[in-house]
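Each remark here refers to the structure printed beneath this line.
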Amino acid sequence: MEIRHCLTLCALSLVAIPSNSAWAEESPDFGRDIRPILSSACFKCHGFDDKTRMADLRLDTLEGATAKLESGTTAVVPGKTAESELIRRITSTDAGEKMPPADSGKSLTPREIELLTKWVEQGAEFQPHWSFVAPVRPELPELKQHAAAVRNPIDRFVLARLEREGLAPSPQADKVTLIRRVTLDLTGLPPTPQEVDDFLTDNSPEAYEKVVDRLLRSPRYGEHMARYWLDAARYGDTHGLHLDNERSMWPYRDWVVRAFNDNKPYDQFTIEQLAGDLLPSPTLDQLVASGFNRCNVTTSEGGSIDEEVRVRYAVDRTETMSTVFLGLTLGCAVCHTHKFDPVTQKEFYSLYAFFNSAADAAMDGNALTPPPIKKLATPEQEAQLKAFDEQIAAVNKTMADTLAAIEYVDPMGTPASETLEPKEYVWIDDAAPSGAQLQGNSEWKFVTKADGQVYSGEKATTRKASDLSQHFFTGASPGLKVGEGDKLFAYVFLDPSDPPKEIMLQWNDGTWEHRAYWGEDVIPWGGTGTPSRLAMGPLPAAGEWVRLEVEAAKVGLNPGAVINGWAFTQHGGTTFWDKAGVVTRTPQDGQGFDSLAAWEAYEKAQTNSQIPGPVKEAIKAEADKRTDDQKKQIRDHFLQHVCITTKPKFDPLRQQIDELTKKKAEFDATIPISLVMANMPQERETFVLVRGAYDKPGEKVIAAVPSILPPLPEGAPVNRLGLAQWLVDPQHPLMARVTVNRYWQQYFGNGIVKTAEDFGAQGSWPTHPELLDWLARDFIESGWDVKRLQKLIVMSGTYQQASKVTPELVERDPENQLLARGPRFRLDAEVLRDSALFVSGLLIEERGGKGVKPYQPQGIWESVAFQGSNTQNYKPDGGDANYRRTLYTFWKRTAPPPGLMTFDAPSREACVVRRSRTNTPLQALALMNDVQYVEAARKLAERVMIATSDTTVAPAGSSSSAPADRLSLAFRLATGRQPTGDELAILNETHATHLAKYQADKPAAEKLLAIGESKRSESLDVAELAATTLVCNLILNLDEVVTKE
Amino acid sequence: MNPINEYALQETRRYFLGRAATGVGTAALASLLNPRLLGADSAAADPQASLGQLPKLHHAPKAKRVIWLFMADGPSQLDLWDYKPGLSEYFDKDLPDSVRMGQRITTMTSGQTRLPVAPSKFAFQQHGQNGTWVSELLPHLGGVVDDLCLIKTMNTEAINHDPAITYIQTGSQIPGRPSLGSWLSYGIGSPNADLPAYVVLHSRIAAGSQTQALFARLWGAGFLPSKHQGVALRSVGDPVLYLSNPDGVDQATRRQMLDGLAKLNQRRLEEQGDPEIAARIAQYEMAFRMQMSVPELTDIAGEDEKTLEMYGPEVKDKGTFAYNCLLARRLAERGVRFTQVFLRGWDHHGSLPQNIPQLCKAMDQPAAALIKDLKARGMLDDTLVVWGGEFGRTVYSQGTLNKDTYGRDHHPRCFTMWLAGGGIKPGVVHGQTDDFSYNVTEKPVHIHDLNATILHCLGIHHERLTFPFQGRDFRLTDVHGNVVRDIVA
């Protein structure tokens, strides 16, 4: 549940200054001035799309605009406004003639009409849209006035523009501001007081550059840069649709961090992410990188139609690629030919074809690791796995040695008798088997020879019944094992003076559906003529002991069955039962084979033997046709697993192996898995989808790039790899521009092209086109060196300017597009939280790993989640998870972290390359009251109280008392600078008010200090700490603290 | 709050504002306030005044605000509103092919060997002056049917929850577009500076529910500035995230901290000159005001017993649908532009007759009470109330069908919603469906048409509330939508 609503009263965002007016020049430029007007007001009906074109007029080409129309008129006659129908229509006062027509909702401003008129007057020159023409490295502009402000080539372009505008650059920012700005920009964290001091005392000309180089080497750099990229890559820790279960994608996130820290060249960075899986023998890292294509949201909603869903995934991948790398938003072309940019619907689907053979299933199965996936063992983990294998091998060796050492002689001699006789195994005699629970219509009644009939041993059981009656047991353990051809038997004696109508034996192997009866068919259980009620013939003779025998298979007890229960049932009469069991070749519990030959014969008779396949095969083979290997297999198996004399030697070894194997499996399960990209073995055919509908395939297309852009490089494969190689071709007109523009945006708030996601005809015109091209060419020629580009930007004088602004300049250039001052804007969500943790000393800089769950208000997930989703309930991890960098916060995409959403973080459901930046009361509430920030304020208070308690030396130039020292230090930790006397007085005054309150109300103080999981420092005075905590809360809310100055 | 603290608070605020007025200068202070907002009082004078990015409303509005009772997961029109007495003859007979016409159905039932017709088990009665048929499950709504405009012919293309609910909320099945409420916040703003323009209320899951998920995107701002997204008022913890001061910090202490903060920010503003600092000062003041206005909003102690009774027994239980309906009225009173009350649980794929009565019980009385309450206060005239979800349910049974039970799958081709109040004709039943409530036979209303009509009631032409993004002027209704003229008063 996010709360990013602005209740703003602020009028500032409403003060719209037409951005073009600031630098409008005398003669209209087609690309900058004319095309946007035509594109916005005319192309919908007179543009690129021939399906919606009206009056057969197209205004996007010279040929189209100057062609004679059916009406006999011509829209544009270069140089002749009076003859140009376009001019006549846009200036017409006749509602029926006026263009654009009223019902289009579009109208032209007088300024736009003037521009169009001037353009026709001056010859109506058409130029291709600037961004589709490859950049050339422009000459560095000569400067008339401000050459002294130049630090590097960037400044020449910016200053030239300022000179044209009659503006002066701002002076360099003071050193404290500068080091805070650049530290925040390159690492996402503020500088420490020590770092500030070092910089202040370093008067060398390279002081600043040294700082920059240090920051670029910091591992924090990669974490900070990755964060922007993950918005573009739409990275999240859940699938994003429907159940929104967890997914294992975080190794990709860590790969991005590493790529930035290793300064992976941007062309490689691109290729590995778009097509790492298609590289020859890809490394693990390259496969992980290809997960970029797997970051899209996926579903497993019941009822979904696979093809519809799959098409959406491919569209998302195509759009993401085009937004991130081409700066083109091709979404419109999913349904129809683009109205404004020269990309046809067919061309969209040709691009889409590159992504249409992805091997992932439409339904993610709500699984953590829906394939294709890759398991990612570190070298240490590989070593550990290997160690397990070695240990297992060592035990196996012992086993082999033991085997080899045994000189086995078959006690039965060889060859074994093929007709190994089955033997009788008595299960019940004098007592039921172990574990048996005796039950019956009445208790089991035992008799001895003294008081009844006994066949074997000391006792027999007896039962007198008037109708259906029985005694039985279940739960015998170990059970009676049934083998091939086995016969079950029992002895019965019927009282000749009181014979029953029927007797029945029943066996339980889990069910009782195994019955045999003698006599009349009056016991109704089971089905007549089936193994559940097998007729055995008439009652046996009365007055004598009779052996009953039943073939186990006939009552449905097949080889492998294990009997745990036996019932002696009768209808009427008096019976005696004795000795019962099985005639079998199967060794029962406590028995075993000591003869290999006997065992072989036994195994041969088994139809569902549990022994390993190869051994089984070997046994089945004729003895004289067995290979040596087969013979060995039989012998080894017998000695290890069967033979009662040798098996005990192997049991502990086998146990060791089992344990090691289990441990290895457990360890293996801790090795991360990441979703990776892969293509189907057979490519899917791709069709234009009519109006974007998955079930309306139109013309068949093959993978290709839009014709307005250069073709695929010679020899490049026609797949994602070729597409990636095409993007990073040095002559690609968009790729480098789009990239440097996004980086520029990170530092200055706006890109040189403000619409970072759209370099097309409807996108913003670049404020400094030559600078953009220069940076793009420089970036390409540097070998796509990302760190070098960052350094270039932050080393520029433009970047280093003070951000102080005059009312006149605010009015003239509210968004600082002309760059007559340094950047100044609110920090992003992640930087705010990380900075608070950092200055309070809470930050735990453990890098990488699974997403963590820090503090989060109750009910954020629960109120929206699918019941049964594994991300339904938010369970904070507690401990360190509260203090990790925000980059590592678990990201549930249907209910993203609320503290981040409050500060304009995107949901990560779709690619975002430009965040909005709002200023709302909900942000104020979060910074004041979120446990994360309240705890940080307390820890900051503790930190400064402890730091100033053991020193009586006040900071240089200060003669303030102890609280002032603390507050100064806290202020300094948060802002980088010392407070002024005036500022310190305000902090002191606030502190004094709070202190008075908490001295009078210690319980309140204790409550405040109990917030957050970390324990408060017991040695500090409660009221003092509470008062300081609130002042630190104030400090962490200062505009200066939440802003990059 | 302790009255003495309250006084101290007022004093410190006066102090602050006094300082600010002299410190910042009158012009700067004025710039802290939305000038259009200052004109809110004069809005009566100009009925087409806008408080958002639209310079002016496109026509005089009939509704000033909207409350949407969102029945998430798709309630069964067949058991609630769309009376089909002829179906009893078709019990357990196959849905005729001539009705289905080969249209796609979800893969939950596309594998069934049969699509047997399940007539509703529930009786319908006629209500109101026009004798509108309403299910016995909805006695209270039946009682206010003369105030409702029933649309039986709502339709959509999406057949699964996630895309369908995203579609009706944002005009697109694919995540990323702004929601209706955020369009309103962006376009015409809200007259109450202390509350969000777009408020979302989640109802606790009630008995009889079969429930799907919701998604933050449903009230998200998409590509609009994120401040326009809906604010979910929560029933657990703070109603607005992070609203409460930490334990041990009372409002007077917070005021003192804020005074110190304001003074320091003020100095920074003088030093730096960035108007954004002035805006931030104003936001902190507004946050402070919200800390008082929001608890006042959610505290229903002042409601009279008769009103509470009307909403039913659950009204005092925070987070219930009944409580949320009452809260919606309180939000409407305070001028909140768009309130959306979500009630989940209508996904009755199986055992519908066993479950839906309980859910109806939780919904029926509060929804009817909201209509009555608004009407009694004279607010129904300029408050548009909408009731409905993302799609309907099938006439054929999913899973077991017998005399006692049946289930219904998702049905996008027709479903019922109702509108009431501001700008909508009361007592109307719009459109006709076939005998199986399967296809629309007369006057279809697509979800884009509904959204266009809602905007129309608010004085907005749906084709002219646009935002340039990715090279195109986007709007809520994409390239579709027609105002349903028949139902507009």
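The values are calculated or read from the model by the stated rules, or taken from the named source; none is laboratory data. None of these values were measured; they are calculated from a predicted model. Virtual Cβ from ideal backbone geometry, glycine too; neighbours counted across all protein chains shown.
Data for the structure
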quantity: Which listed residue, of B:T253, B:T211, is within 8 Å of chain A (Cβ to nearest Cβ) and within 30 Å of A:I1035 (Cβ to Cβ); calculated: B:T253
quantity: In the stretch A:970-1011, the residues that are of a type in the set (G, A, S), under 30 Å from A:L200 (Cβ atoms) and at the interface with another protein chain (Cβ under 10 Å from one of its Cβ atoms); calculated: A:A985
quantity: Failed item, numbered, when A:W512 is tested on (1) in contact with a helix residue (DSSP H, G or I) (Cβ under 6 Å, 6 or more places away or on another chain); (2) surrounded by fewer than 18 Cβ atoms within 10 Å (Cβ to Cβ); (3) of a type in the set (A, V, I, L, M, F, W, C); calculated: (1)
quantity: Failed item, numbered, when B:V315 is tested on (1) more than 8 Å from every other protein chain (Cβ to nearest Cβ); (2) closer than 30 Å to A:D813 by Cα; calculated: (2)
quantity: Residues (at the interface with chain A (Cβ under 7 Å from one of its Cβ atoms) and buried (at least 24 other Cβ atoms within 10 Å of the Cβ)) located in the stretch B:231-242; calculated: B:V231, B:A232, B:R234, B:V240, B:L241, B:Y242
quantity: Some residue of the stretch B:303-313 being in contact (Cβ under 8 Å) with a residue 24 or more places away in the chain and either more than 15 Å from B:D373 (Cβ to Cβ) or out of contact with any helix residue (DSSP H, G or I) (no Cβ under 9 Å at 6 or more places or on another chain) (or both); calculated: no
quantity: Top-ranked residue in the stretch B:282-301 [being in a helix (DSSP H, G or I) and among the acidic types (D, E); ranked as surrounded by the most Cβ atoms within 10 Å (Cβ to Cβ)]; calculated: B:E285
quantity: Residue list for the stretch A:736-764, filter: surrounded by 24 or more Cβ atoms within 10 Å (Cβ to Cβ), of a type in the set (V, I, T) and within 14 Å of chain B (Cβ to nearest Cβ); calculated: A:V738, A:V753
quantity: All positions within the stretch A:331-379 that are out of contact with any Ser or Thr (no Cβ under 8 Å at 6 or more places or on another chain), surrounded by 21 or more Cβ atoms within 10 Å (Cβ to Cβ) and either at pLDDT 95 or above or more than 14 Å from every other protein chain (Cβ to nearest Cβ) (or both); calculated: A:A358
quantity: Candidate set from the stretch A:655-695 (those that are touching a residue at least 40 places away in the same chain (Cβ under 8 Å) and over 31 Å from the mean Cα position of the chain (by Cα)); member that is farthest from A:F348 (Cα to Cα); calculated: A:Q656
quantity: In the stretch B:114-130, residue farthest from the other protein chains (Cβ to nearest Cβ) [restricted to those that are polar (S, T, N, Q) and not in a loop (DSSP other than H, G, I, E, B)]; calculated: B:Q126
quantity: Among the residues listed as A:W891, A:W861, the single one being without any contact (Cβ under 8 Å) to a residue 40 or more places away in the chain, hydrophobic (A, V, I, L, M, F, W, C) and outside any helix (DSSP H, G or I); calculated: A:W861
quantity: Among the candidates A:A1010, A:A1027, A:A970, A:A1004, residue that is within 44 Å of the chain's Cα centre (by Cα), crowded, with 24+ Cβ neighbours inside 10 Å and over 30 Å from A:Y747 (Cα atoms); calculated: A:A1027
quantity: Subset of the stretch B:141-171 (residues that are within 18 Å of the chain's Cα centre (by Cα), within 14 Å of chain A (Cβ to nearest Cβ) and outside any helix (DSSP H, G or I)); calculated: B:G171
quantity: Flag for A:E815 being assigned to a loop (DSSP other than H, G, I, E, B) and among the acidic types (D, E); calculated: yes
quantity: Candidates B:G102, B:G74, B:G111, B:G86 - the one that is surrounded by 14 or more Cβ atoms within 10 Å (Cβ to Cβ) and either part of a loop (DSSP other than H, G, I, E, B) or modelled with pLDDT under 95 (or both); calculated: B:G74
quantity: Residue check for A:E714: over 22 Å from A:K374 (Cβ atoms) and not in a strand (DSSP E or B); calculated: yes
quantity: Criterion: over 57 Å from the mean Cα position of the chain (by Cα), among the small types (G, A, S) and closer than 21 Å to A:V582 by Cα - qualifying residue of A:G510, A:G537; calculated: A:G537
quantity: Conditions (1) in contact with a Phe, Trp or Tyr (Cβ under 7 Å, 6 or more places away or on another chain); (2) within 17 Å of B:A193 (Cβ to Cβ): number failed by B:V315; calculated: (2)
quantity: Residues satisfying the stated conditions in the stretch A:900-917, i.e. within 22 Å of A:Q858 (Cα to Cα), within 20 Å of the chain's Cα centre (by Cα) and facing chain B (nearest Cβ under 9 Å); calculated: A:M901, A:A905, A:P906, A:S907
quantity: Every residue from the stretch A:1015-1045 that is more than 8 Å from chain B (Cβ to nearest Cβ) and farther than 22 Å from A:T192 by Cα; calculated: A:K1015, A:R1016, A:S1017, A:E1018, A:S1019, A:L1020, A:D1021, A:V1022, A:A1023, A:E1024, A:L1025, A:A1027
quantity: Of all residues in the stretch B:46-58 being part of a loop (DSSP other than H, G, I, E, B) and either within 16 Å of B:Y186 (Cβ to Cβ) or modelled with pLDDT of 95 or more (or both), the one that is farthest from the chain's Cα centre (by Cα); calculated: B:P55
quantity: Verdict on A:K554 being part of a helix (DSSP H, G or I), over 30 Å from A:F638 (Cα atoms) and assigned by TED's automatic domain parsing to the domain that holds A:G479; calculated: yes
quantity: Enumerated helices (runs of 4 or more DSSP H) restricted to the stretch A:88-193, each holding at least 2 residues that are over 43 Å from the mean Cα position of the chain (by Cα) and under 26 Å from A:R58 (Cβ atoms); calculated: A:110-121
quantity: Search result, residues across the stretch B:214-223 that are more than 8 Å from every other protein chain (Cβ to nearest Cβ) and crowded, with 22+ Cβ neighbours inside 10 Å; calculated: B:L218, B:W219, B:G222
quantity: Hits in the stretch B:172-184 (condition: more than 7 Å from chain A (Cβ to nearest Cβ) and either surrounded by fewer than 24 Cβ atoms within 10 Å (Cβ to Cβ) or within 15 Å of the chain's Cα centre (by Cα) (or both)); calculated: B:S172, B:Q173, B:P178, B:S179, B:L180, B:G181, B:S182, B:W183, B:L184
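Yes or no, residue by residue, for (1) facing chain B (nearest Cβ under 8 Å); (2) at pLDDT below 95; (3) surrounded by 20 or more Cβ atoms within 10 Å (Cβ to Cβ):
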| residue | (1), (2), (3) |
| --- | --- |
| A:N919 | yes, yes, yes |
| A:M928 | yes, no, yes |
| A:Q932 | no, no, yes |
| A:K939 | no, no, yes |
| A:V944 | no, no, yes |
| A:D950 | no, yes, no |
| A:A964 | no, yes, yes |
